[in-house]
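As structure tokens, the structure follows; a few thoughts come after it.
The values are calculated or read from the model by the stated rules, or taken from the named source; none is laboratory data. Here the structure is a predicted model, which means the values were calculated and not measured. Ideal geometry is used to build each Cβ from the backbone, glycine not excepted, and the neighbour counts take in all protein chains shown. The accessibility values were calculated without ligands, DNA or RNA, using every heavy atom of the protein model including side chains. Shrake-Rupley method; radii C 1.70, N 1.55, O 1.52, S 1.80 Å.
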Amino acid sequence: MIRLALLRHGHTAWNRAGQIQGRSDIPLDAAARVELAGFTLPSPWDQAELWSSPLSRAVETAELVSATPPKTDAALTEMFWGGWEGKKGLDLKAQPDSGFRDIEHWGWDYRPPGGESPAEVWSRIEPWLMRLERDSVAVCHIGIMRMILARAHHWDFDGPAPFRIKRNRLFVVELDGAALTPWSDPVRLLRKEAS
């Protein structure tokens, strides 16, 4: 059995403005850098293999909480939101003909215009998961975390999510072949001691 801990990247200016980022390579903002520099991975996760999305906000988050450059894999890149990247979800939701939906009404085949569906995202994540050989930490994006946690919780993007993704926490799933089992509670990052 292999354990995988998922960590969401720190805030960006687009996060704070409510803009959809997707594959747009938006960097961490200054406040996120300061905040993340005060955290570290708890044991035993500080000894796990460290992975990251290739997008700069994830790579920098990984480096800040581990002081180690991560391995990167394109499979961990955020869901592609196509023509909606850079737009605000609230604005799209206010337009009845936009096609925008809340996550609990997606299903696996929901697709932003010109973007990816959850099923397509899962099809690129699953082979990466199956290649893991030891306990790992993956610093990635809320969309990637949603796909993995949805599979682990047997949730089909229909109704309220059985999990809530927060920052500065590790969401752990156990991999036993193709079976994914979620831990019931996330693991908090440790605050570094002041020197």
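General observations
- Counted as qualifying within region 12-91 are the helices (runs of 4 or more DSSP H) with 2 or more residues that are surrounded by fewer than 19 Cβ atoms within 10 Å (Cβ to Cβ) and not acidic (Asp, Glu), namely 13-17, 30-37.
- All positions within region 167-192 that are touching a residue at least 24 places away in the same chain (Cβ under 8 Å) and loosely packed, with under 12 Cβ neighbours inside 10 Å: ASP176, ALA178, ARG191, LYS192
- Condition met for ILE144 (under 17 Å from PRO182 (Cα atoms) and among the β-branched types (Val, Ile, Thr)): yes
- For region 115-163, filtered to residues that are of a type in the set (D, E, K, R) and outside any helix (DSSP H, G or I), the residue that is most open to solvent (accessible area, probe 1.4 Å) is GLU133.
- The condition of being more than 16 Å from the chain's Cα centre (by Cα), modelled with pLDDT of 95 or more and acidic (Asp, Glu) does not hold for ASP25.
- When the residues of region 93-112 are filtered to those that are part of a loop (DSSP other than H, G, I, E, B) and open to solvent by 60 Å² or more (accessible area, probe 1.4 Å), the one that is nearest to SER123 (Cα to Cα) is ASP109.
- Checked against (1) under 23 Å from PRO70 (Cβ atoms); (2) in a loop (DSSP other than H, G, I, E, B); (3) of a type in the set (D, E, K, R), GLU174 passes all but condition (2).
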